[in-house]
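Working notes for the structure below.
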Amino acid sequence: MNTSLPGLAERASTTADNFEPLFWYIVAVTGLGTLLVCGLLAYCCVAYRRTARGPVSTPRILGSHRLELFWTVTPLLIFLTFYVWGVWVYDRAVQVPPDAPEIFVIGKQWMWKAQYPGGQRVIIGGNPANMTEEDRAHIGALVLPINRPVRVTFISEDVIHDFGVPAFRQKIDVIPGRYVSTWYEPNKLGVFNVFCDQYCGTEHSLMVGKIRVVPQDEFDAFIQGKGGAQGSPNPVDGSLAFKGWQHFQRLQCQSCHTPNAASGTNLHPRAPSLEGLYGQTVPLDGGGSAVADEAYLRESIVNPRAKVVEGWKPVMPGNYESQVTEEELAQVVAYIRWLKAGQMIAPNDRAPAPYGAPRVTTPPAGSSSGGKP
Amino acid sequence: MSIIIADEPRAFAPPPPEPPAPARHYLNNAYGVWSWLLTVDHKRIGLLYLVSLTFFFTVGGIAAGLVRINLLGHNAEGHILTDDQYNRAFTAHGVVMLFLFLIPSIPAVMGNFFIPMMIGAKDLAFPKLNLASWYVYMAGAMLLVWSVLVGGIDTGWTLYPPYSSRYSHTSVTPGVFGVFITGFSSIMTGLNIMVTIHKMRCPGMTWGRLPLFCWALYATSFIQLLGTPVVAITLVLLMAERVGGVGIFDPAIGGDPVLFQHLFWFYSHPAVYIMIVPGMGVVSEILTCFSRKNIFGYKAVAWSSVGIAVVGFLVWAHHMYVAGISYYSALLFSFLTMLVAVPSAIKVFNWTATLYRGSITFQAPMLFTLAFLVLFTVGGVTGLFLATLGTDIHLHDTYFVVAHFHFVMVGGMVLAYMAALHFWWPKMTGRMYSDFWSRASAVIIFVGFFLTFVPQFVLGYHGMPRRSPNYLAEFQVYNVMSTAGASILGFGYLLPGIYLTLSLFFGKKASANPWSATGLEWQTPSPPTAFNFERMPVVVCGPYEYAIGVDQLGRGLPEPPGPGSADDPASHDGPTGPSGSRNKETEVVG
Amino acid sequence: MSASTHSPVLKHHFDNLEQQHSAERLGMWMFLATEVMFFSGVFVAYAVYRYFFPGEFQFASSQLVLWVAALNTAFLITSSLTMTLAIRSAQLGDRPALLRNLLLTALLGTAFMGFKAYEYATDIGEKFVPGAMFRQELAEAEGPLAGMSHEQAARYEFPDHHHPAPWAQALAKTNAGKQPGDAGYLSPGRVELFLCFYYTMTGIHGVHIVVGIGCILWLVQQAVAGKIPRENYSTVEVVSLYWHLVDMIWLFLMPLLYLAGAGLARH
């Protein structure tokens, strides 16, 4: 972890790039002015200090209209340059480009939730104690594509929060009862902090989140639910793969398609593991092979006896077609596409096996506890 | 360039003889607790405020200490307070320091004490109202203290709903009610001072001859009078919403929490000028006295106080640029804020010019004043970052803001309060304090202050939010620096508590005019008698005629305390000694 | 400023009576400025919401008890007259008239508060109070109208004209068959918002009336004790300035709150 601050704070968006020169300009001008005043004060204190007990003699100077005018108008003009440049930066920071895609961010005590146009949901960050167990498994980041403008619309569920991103050099108060919007165009890859910048209660300081700026293809993968980009391993909430995952659990597929032995479980599987299956070539019972693509997966669900993987018995129930709609099938397939090694959850009390299904199987004598994929 | 001088210097009158120390002055003309608690003497009331303010400054300081110690650790492992306790601590610090210390500070202590004396009056216009203002202040303060003791509030001093009206589980209503009550004290003091300055000036004391301290307090009173009632009604509405469960800031019924912010800041921005303008008045008094020169640009300095007061009412929404105000509102308020910065700049330049070709000595009042000039300048220019829209959208609600307002309120106002205390202490108490320790404490406070708050500018630029007990590890080193500075600052504050108290018992007796100042308040004995002046003073000239060596009554000035008599300004050569005023040449600059 | 020429009413810190009276008057005018600023906060807030929610505010205003407000206005204006007459009596040194006028003013102020109390009791009895009472009463009125179209509901006669309260009946009928966002729909929350203003503004004003009555009674006590001779009439003047301001505030407050829905039918 980086435990020191760089001299110049990291910049990651167009607004930040607009901010920086203005900030340092004001530093330079006000710094000069301050040094001037302090210098004059120091000079006067040294040059005009009373040194001896001689007669104290000072001139009777009452003022100067010209000087007053000078040091009224000059500061005013300087301040107005700050104003004009500041308006220029502000204008570009808050005027949202008209056709930028919109992401919703919701603030509540003490976490941030984001929702994408396709329905994907991510927890950007916050206090884990305030999240449901499910939410905690979804803590990720606000994933944004690089070099693309995006509109973010905010609302609060309770009190006033503030979504502040130092790397973007801007923030916006998040209010209950009213949508407010701003926009970002990130121009640097990486992970950046989000702070809540309006005091909102006890754990205000734990309302910290992350923004992850990724290349466009990674962003597209994220939108499709491939997960990972948002920082948590689960399929992105709201995506196709996520919905497929819910059907997968509803149908209790994992009671037989238990996780790969290599992933650390010691259950002898009754069915091939599905982790990392998509795209593999599988040997079929009776010769030949098939590529595990969407069509193969769909067929394997609705007509499991059509193609049986070599080394496995044809025991998969054949009535799933009546239990899923076509749309749901597509979601399950999307989930299996997403599944990688180590990602499947073993059967447990939250997702028990159906009545009559084996819960625990003993490995056959002499074989390792793993099965073929 | 034309530098204005007025008429030819008139021949000065001889300096007044040292008035005999009166047997009975305002401190010993009546004894007993009731003579203090039922007094209507403005001087005693000023001291009542002084005692209360010192107490509440200590309370607020302890809260600050807790906050800074807690910030040594960046997460729960390094904390001494829970997050909830921390939130109550910083709220207590803000509320106590602002409402119980800074807002009354100079007006209630030095304003009460010296306004009548400076204008040649026997008392303020409404002495009983004055006493009532102290009782109202104490009532509100006691209610606040009580609410702190039963757990405190955790909303921040800004009290934004819906958190404060609906979600906070702390004693918001008693605390807010306490603040509400102290507001009335502020209004009473302001009203009293304004009427006094209007109606009770002695003959010859025209507006153009008023000490700039009076101009500053007049401007402050204007703000107190017109601004405080707005926060009063805002707090009433907030309390009604919290107690009644429904109110006008509640989004559930169509209310707008941002409306609270508008109403709140409509007072609270002018309030910060209530806090700083009296300090500016003090600076004018001390700079002139310790450089033995007229103020440069009397009219500019006088009118700039009024300008700050008036324009200060037009800029409140610069606290709300990102709060949900419209684009054009933001543009307007940023522009107006640029305007309000100008009078303060004018003052700083005028003060600096006052030092030019002066004859400067560096006793404690002057050291505090010079520290004010440096720290207020830094504080003021950092305000420009926040006035500018393009930078405020990043710096808002970060430690940059915290550093900015501490620079102006502590580096500015608290130092001015210290300066005023040290300047007028001999007059109020009749005693001198240790010259060495007072100068030392000024230096220590200045150094400690710098170390405490400069790192916070860095933190703010990097985005560390305010009001955050938990922060990222990379911010920790600056927080540690800041806490280290705070401990030096705290030590610096302790010193005056010690040597000023000791001076009451062991200090040298002060003469009537130990600093050789020109104001009317110095033409009375130290301490003054009950009715200030033996006979009605008649003012014949302006307030800062140091160059020609006359006070406002036209008499000469005693020998100013110079180098060599560091610890004992009360003893000096007479007017005919080697540096006596009779031997001074007056130089007129063409 | 020698003591022997002091008037007994001259306070010790003033040089002469003229300075004293002038200072007292200025002080009171400044205090009035603070009162104006105090009320202006809530007036501005009211104006903002009135601008944004005209329909709801007009409706709510039309449901207040107007005749009490009218009567109270008459009381207050008359009391300002009697107060001014009191100043005149003090200037003339006419103590009985002074006492009479002061007591009349106090009486009119008390009548104002009495009728105000009656008005509040009526409103509270009708549950016309923001919060749980309001919502419950409205729910009771909406119950019978559930599922009806707007026209059906308009023709519906509640069995009891007073329960649920007439305002609830009117509001329920207005909103029957409509969804939030439809033309003519009145958001109940915003009606509650108006009521928040109503109670806060009239309540704070009432507090000021009570304080004013207290000051007038103090004046009575002072007059009885002989402390208001002809030279000191300005004490009466100063209190009257306060009383007139409180009256003036009512003259702004009353139309804003009670006449906002002037065109609408009342119950």
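Observations
- Beta carbons closer than 7 Å, at least 6 apart along the sequence or on distinct chains, pair a first residue in region A:295-315 that is β-branched (Val, Ile, Thr) with a second that is buried (at least 17 other Cβ atoms within 10 Å of the Cβ) for A:301/A:320; A:301/A:329; A:301/A:332; A:302/A:320; A:309/A:272; A:309/A:282; A:315/A:270.
- Hits in region B:355-368 (condition: facing chain A (nearest Cβ under 7 Å) and either among the basic types (Lys, Arg) or not in a helix (DSSP H, G or I) (or both)): B:356, B:357, B:358, B:359, B:360, B:361
- In the set (1) of a type outside the set (Phe, Trp, Tyr); (2) within 23 Å of residue B:298 (Cα to Cα); (3) within 7 Å of another protein chain (Cβ to nearest Cβ), residue A:22 fails one condition alone, (2).
- Index of the failed condition, residue A:105 passing every other in (1) farther than 30 Å from residue B:303 by Cα; (2) within 12 Å of chain B (Cβ to nearest Cβ); (3) outside any helix (DSSP H, G or I); (4) in contact with a Ser or Thr (Cβ under 8 Å, 6 or more places away or on another chain): (2)
- Just one residue in the set C:234, C:187 is crowded, with 18+ Cβ neighbours inside 10 Å, out of contact with any strand residue (DSSP E or B) (no Cβ under 6 Å at 6 or more places or on another chain) and either at pLDDT 90 or above or within 18 Å of residue C:83 (Cα to Cα) (or both); that residue is C:234.
- All of B:377, B:352, B:391, B:382 fail the test of being at the interface with chain A (Cβ under 7 Å from one of its Cβ atoms), in a helix (DSSP H, G or I) and closer than 15 Å to residue B:458 by Cα, apart from B:391.
- Number of the condition not met by residue A:132 [criteria: (1) farther than 23 Å from residue A:242 by Cβ; (2) more than 10 Å from chain B (Cβ to nearest Cβ); (3) of a type outside the set (Lys, Arg)]: (1)
- Qualifying residue in region C:244-262 (condition: within 14 Å of chain B (Cβ to nearest Cβ) and in contact with a Leu (Cβ under 6 Å, 6 or more places away or on another chain)): yes
- Qualifying residue in region A:152-169 (condition: away from every other protein chain (no Cβ under 12 Å) and more than 24 Å from residue B:461 (Cβ to Cβ)): yes
- So residue A:41, is it under 30 Å from residue B:559 (Cα atoms) and touching a strand residue (DSSP E or B) at 6+ places or on another chain (Cβ under 8 Å): no
- Scanning region A:40-58 for residues that are surrounded by fewer than 15 Cβ atoms within 10 Å (Cβ to Cβ) and under 30 Å from residue A:26 (Cα atoms) returns A:42, A:43, A:46.
- If you go through region B:306-349 and pick out every residue that is in a helix (DSSP H, G or I) and facing chain A (nearest Cβ under 8 Å), you end up with 13.
- Scanning region A:37-69 for residues that are out of contact with any Ser or Thr (no Cβ under 9 Å at 6 or more places or on another chain), within 9 Å of chain B (Cβ to nearest Cβ) and under 26 Å from residue B:387 (Cα atoms) yields A:67, A:68.
- Selection from region A:1-44 of residues that are in a loop (DSSP other than H, G, I, E, B) and of a type in the set (Asp, Glu): A:10
- Considering residues of region B:467-488 that are within 7 Å of chain A (Cβ to nearest Cβ) and under 31 Å from the mean Cα position of the chain (by Cα) only, the residue surrounded by the fewest Cβ atoms within 10 Å (Cβ to Cβ): B:467
- Here residue A:61 fulfils each of the conditions (1) touching a residue at least 12 places away in the same chain (Cβ under 8 Å); (2) surrounded by 22 or more Cβ atoms within 10 Å (Cβ to Cβ); (3) in a loop (DSSP other than H, G, I, E, B) apart from (1).
- The single residue among C:48, C:42, C:36, C:68 that is within 11 Å of chain B (Cβ to nearest Cβ), part of a helix (DSSP H, G or I), aliphatic (A, V, I, L, M) and under 21 Å from residue C:120 (Cα atoms) turns out to be C:42.
- Selection from region B:211-250 of residues that are surrounded by fewer than 23 Cβ atoms within 10 Å (Cβ to Cβ), more than 7 Å from chain C (Cβ to nearest Cβ) and over 32 Å from the mean Cα position of the chain (by Cα): B:242, B:243
- Condition broken by residue B:433, with the remaining ones in (1) over 26 Å from residue B:482 (Cβ atoms); (2) assigned to a helix (DSSP H, G or I) satisfied: (2)
The values are calculated or read from the model by the stated rules, or taken from the named source; none is laboratory data. Remember, it's a predicted structure, so these values are computed and weren't measured experimentally. Cβ coordinates were reconstructed from backbone atoms using ideal geometry, including for glycine residues, and neighbour counts include every protein chain displayed.
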